[in-house]
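Inspection log for the structure reproduced underneath, given as structure tokens.
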Amino acid sequence: DAGVIQSPRHEVTEMGQEVTLRCKPISGHNSLFWYRQTMMRGLELLIYFNNNVPIDDSGMPEDRFSAKMPNASFSTLKIQPSEPRDSAVYFCASSSGGNQPQHFGDGTRLSIL
Amino acid sequence: GDSVTQMEGPVTLSEEAFLTINCTYTATGYPSLFWYVQYPGEGLQLLLKATKADDKGSNKGFEATYRKETTSFHLEKGSVQVSDSAVYFCALSGGRGANSKLTFGKGITLSVRP
């Protein structure tokens with residue numbers, strides 16, 4: 001069975017550029033989560049969706065970050081403009097809701113120069 | 001609000017040693033509890049879970065028991081292997097309604113030496 005698929009796996013770009021991270025959740029899952037992981041701050045929840053609707057975006061660091069989920073099989077996390085402090089590993093996860101476990105993708109390692 | 005506290009790391013053990021990683025939680029209601037493992041360069045994987053008090057989750061030789069009286073979910077393994085070297089996260093889900101937001105601990109790095 002296909003798990004959560006994220007792309008790209010690695011992204012290196014210069015500050016000021018727009019960055020778009022993509023996620024395909026597991027088919028049938030109705031909850032989707034975006035996390036950021038850094039050495040300094042650990043694992044942080046940025047935003048999560050339920051049935052394609054954003055439920056809690058309180059973890060989004062600032063207006064430069066935006067996330068969309070146009071349908072049940074696709075989500076994007078966009079950073080515009082990007083800054084060096086955005087460098088991190090970004091994970092997407094999905095679940096079937098309630099107390100069911102979340103399934104994580106392999107992450108996108110983002111480096112902003 | 002909900003919170004998860006894990007013991008400070010990192011932890012270094014010799015192969016075949018006994019492992020305990022402590023985890024305590026604060027939550028309202030009756031949360032589900034999880035242990036996730038992250039191997040180098042990979043995403044988090046569910047290791048085991050428990051959904052109610054006194055449940056024991058187990059997988060790959062790891063065990064954890066949901067202790068409501070002590071609000072704990074400590075992870076144990078009787079004999080660790082080098083391949084167990086990873087970062088371990090304790091987490092809880094309040095699970096009320098449709099939301100399955102997880103609250104994670106800070107994670108602890110385990111290194112197992114041959």
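The values are calculated or read from the model by the stated rules, or taken from the named source; none is laboratory data. None of these values were measured; they are calculated from a predicted model. Don't worry about glycine lacking a Cβ; one is built from the backbone with ideal geometry, like all the others, and counts go over all protein chains shown. Heads up: the accessible areas ignore ligands, DNA and RNA and are worked out on the full protein's heavy atoms, side chains in. Shrake-Rupley method; radii C 1.70, N 1.55, O 1.52, S 1.80 Å.
Annotations
- The number of residues in segment A:43-95 being closer than 24 Å to B:Tyr88 by Cβ and polar (S, T, N, Q) comes to 2.
- Screening the candidates B:Thr24, B:Thr12 for the property of being in a strand (DSSP E or B), more than 12 Å from chain A (Cβ to nearest Cβ), surrounded by 14 or more Cβ atoms within 10 Å (Cβ to Cβ) and touching a Ser or Thr at 6+ places or on another chain (Cβ under 6 Å) yields one hit, B:Thr24.
- Conditions (1) more than 29 Å from A:Asp56 (Cα to Cα); (2) at pLDDT below 95; (3) touching a strand residue (DSSP E or B) at 6+ places or on another chain (Cβ under 8 Å): number failed by B:Glu69: (3)
- Across segment A:74-98, the qualifying residues are those that are surrounded by fewer than 21 Cβ atoms within 10 Å (Cβ to Cβ) and among the polar types (S, T, N, Q), and the one among them that is farthest from the other protein chains (Cβ to nearest Cβ) is A:Gln80.
- If only residues of segment B:100-114 that are in a strand (DSSP E or B) and not β-branched (Val, Ile, Thr) are counted, the one that is modelled with the lowest pLDDT is B:Leu102.
- Output for segment B:51-66, where each listed residue is among the hydrophobic types (A, V, I, L, M, F, W, C), surrounded by fewer than 21 Cβ atoms within 10 Å (Cβ to Cβ) and modelled with pLDDT of 95 or more: B:Phe62
- Checked against (1) over 12 Å from the mean Cα position of the chain (by Cα); (2) surrounded by fewer than 16 Cβ atoms within 10 Å (Cβ to Cβ); (3) at pLDDT 95 or above, B:Ser85 meets all criteria but (2).
- Subset of segment A:58-73 that is over 12 Å from the mean Cα position of the chain (by Cα) and within 19 Å of A:Ser96 (Cα to Cα) - its residue that is most open to solvent (accessible area, probe 1.4 Å): A:Pro70
- Those residues of segment A:36-57 which are within 22 Å of B:Gly41 (Cβ to Cβ), without any contact (Cβ under 8 Å) to a residue 60 or more places away in the chain and open to solvent by less than 50 Å² (accessible area, probe 1.4 Å), in sequence order: A:Arg36, A:Thr38, A:Gly42, A:Leu43, A:Glu44, A:Leu45, A:Leu46
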